[in-house]
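Let me begin by presenting the structure, written as structure tokens, before commenting on it.
None of the figures in this text is laboratory data; all of them are computed from the coordinates on show. Since this is a predicted model, take the numbers as computed values, not measurements.
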Amino acid sequence: VQLVESGGGLVQAGGSLRLSCAASGRTFSSTIMGWFRQAPGQEREFVALIRWSGGSTYYADSVKGRFTISRDNAKNTVYLQMNSLKPEETAVYYCAARLGTILAVTPPLYDYWGQGTQVTVSS
């Protein structure tokens, strides 16, 4: 399984970015796709997830109402739309895949990871 993130960059506080995660290498019907982020000196933290089949979602409390995770089955791509970004959300954002159907928010429970994309929010 290969996951490739894109869409990171520099944005002002209050701005928006859309991250993409292109997945390849297997069928994804029984997979949970997650977005995580890691700031310098901090642990990797959960942001959002989506069931590939069915599309149900779950968000960290800190991003509810501002971030939206979605997927395009035809393109095998997962997206993270991020609005009203804050400087403290500056981090490397990672896409991850968890095989199976049980939801999880802890990084060790994910099986595959992308290389990450940098998001920098200036104040």
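So here's what we get for this one:
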quantity: Whole-Å distance, taken between Cα centres, linking region 1-69 and region 79-115; calculated: 4 Å
quantity: For region 73-112, radius of gyration divided by Kirkwood radius, i.e. Rg to Rh on alpha-carbons; calculated: 1.02
quantity: Gyration tensor (Cα) of the chain, equivalent ellipsoid semi-axes in angstrom; calculated: 23, 14, 13
quantity: Normalised contact order of the chain, rounded percent, pairs of Cα under 8 Å and 6 or more residues apart; calculated: 36 percent
